[in-house]
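Peer 1: This is the structure I want to talk about, given as structure tokens.
Derivation of every value follows stated rules applied to the coordinates shown; laboratory data play no part. Note that the coordinates shown come from a computational prediction; the quantities given were computed from them, not determined experimentally. Cβ: placed from backbone, ideal geometry, glycine included. Neighbour counts: every protein chain shown.
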Amino acid sequence: MIVVDSFTGARQAMVGRSGLVPTMGSLHEGHLACVAALRSDSDCVVMSIFVNPLQFDDPGDLARYPRSMERDLELAGAAGVDVVFAPPVEAMYPEPPLTRVVVSAVSAEMEGVHRPGHFDGVATVVAKLFAGLRPDRAAFGRKDAQQLAVVKRLAADLSFGVQIVEVPTVREHDGLALSSRNVFIEDRKAALGLSRGLFLAADSARAGERSAITLEEIAGRTASKAGAMVEYATLADVRTARRIPALDRTAFLAIAARVGSIRLIDNVVLEPDGTADRGTRLDGPSILGGS
């Protein structure tokens, strides 16, 4: 495995058909599932590790974001990553960027309301990675469903020619969606309220419920009863990330909530026939050390 800190160095190390796994480090099985999704059909798998300051609206959150480069490099190498692109901030942004990428309508609701400017930062760094590394494919997890919709629209609108590979959400054995922020969770019961609410709503959809209000209420109420401070529970079109009144197309039911000082998001993808993608579960604790 080669570790580089510049776009030029990364491109020189990339050979053949390439796949990219963008990350901010603090790796877990969700990131490794993205590597696996690309490994079988790529000559070279590249992982970027970069904590992107543009997508943080709270400087304190940026400072607290977990960083563990030595551990991440060990995990990346064991997973079959060929090239790790780990640039310093000055390599990604030699000057404060005057150009921002805004995927307007797709980023307007949900996270767009609660984290203004967040997706502008995400879209800008992803556009830089696509332009600077020129991968053939890039893998993103469905756990961040609205982000996935933003990235897919970005790639199409700007004609990057990158195939976006969707990877199902990876969950701990108790159902909690994997996130690097999980290491900070103090109230596990409250955190589990998010996934349990989503699963109950998915059960209801399977039984025939199609009303967005009802499905959202099930998810939000369950999480609140567990002790999470719910910010939103929204049924949205999987392509546009806009709220829809009924489950009449492929959609995702997303929830965001605060558990103590930590903010968590989760979702399930629902089909109009009531089937759901709830993700996959680990057999035991994750490499993050979850319960």
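Peer 1: With +1 assigned to the C-beta of every Lys and Arg and -1 to the C-beta of every Asp and Glu, and no other charges, what is the dipole magnitude of the chain about the Cα centre in debye, to the nearest 20?
Peer 2: Details: 32 positive and 36 negative charges, 54 e Å.
For the chain, the charge dipole is close to 260 debye.
Peer 1: Once fully extended, how much extra length lies between residue 203 and residue 90, figured as 0.36 nm per residue of separation less the alpha-carbon to alpha-carbon distance?
Peer 2: 35.9 nm
Peer 1: State the answer as a single residue: which of 252, 272, 230 lies farthest towards the positive end of the charge dipole of the range 223-291, with beta carbon charges of +1 for Lys and Arg and -1 for Asp and Glu, about the Cα centre.
Peer 2: My answer, from the dipole projection, is 230.
Peer 1: Under the 0.36 nm per residue contour assumption, what length would be gained going from the current alpha-carbon distance of residue 243 and residue 12 to full extension?
Peer 2: Extra length from residue 243 to residue 12 when fully extended: 78.8 nm.
Peer 1: If you don't mind, another one. What's the whole-number percent of alpha carbon pairs in the range 2-170 lying beyond 28 angstrom? Intermediate values should be presented prior to the final figure.
Peer 2: Numbers: 2099 of 14196 pairs.
Roughly 15 percent, rounded to a whole number.
Peer 1: Amide H neighbours of residue 242 under 5 Å, counting only residues 5+ apart in sequence or on other chains, H built in-plane at 1.01 Å?
Peer 2: Result for residue 242 returns 237.
Peer 1: Placing +1 at every Lys and Arg Cβ and -1 at every Asp and Glu Cβ, with all other atoms neutral, what dipole size does the range 2-170 have around its Cα centre, in debye to the nearest 20?
Peer 2: Taking the Cα centre of the range 2-170 as origin, the dipole is about 300 debye.
Peer 1: While we're here: Relative contact order of the chain, please, whole-number percent, based on alpha carbon pairs below 8 angstrom and at least 6 residues apart.
Peer 2: The normalised contact order for the chain reaches 18 percent.
Peer 1: Quick one: Karplus J couplings for the range 21-26, per residue in order, coefficients 6.51, -1.76, 1.60, θ = phi - 60°, nearest Hz, x for Gly and Pro?
Peer 2: 10, x, 9, 10, x, 6
Peer 1: Helix-only estimate, please: 222 nm mean residue ellipticity of the chain, summing -39500 (n - 2.57) across DSSP H runs of length 4 or more and dividing by its residues, to the nearest 500.
Peer 2: Only helices count here, giving -11000 deg cm²/dmol.
Peer 1: Restricting attention to the alpha-carbon atoms of the range 161-291, what are Rg (one decimal) and Dmax (integer), both in Å?
Peer 2: For the range 161-291, the Cα-based Rg and Dmax read 14.4, 45 Å.
Peer 1: Whose amide H sits under 5 Å from the amide H of residue 165, counting only residues 5 or more places off or on another chain, with H placed in the peptide plane?
Peer 2: Close amide H contacts, sequence-distant or interchain: 138, 139, 140.
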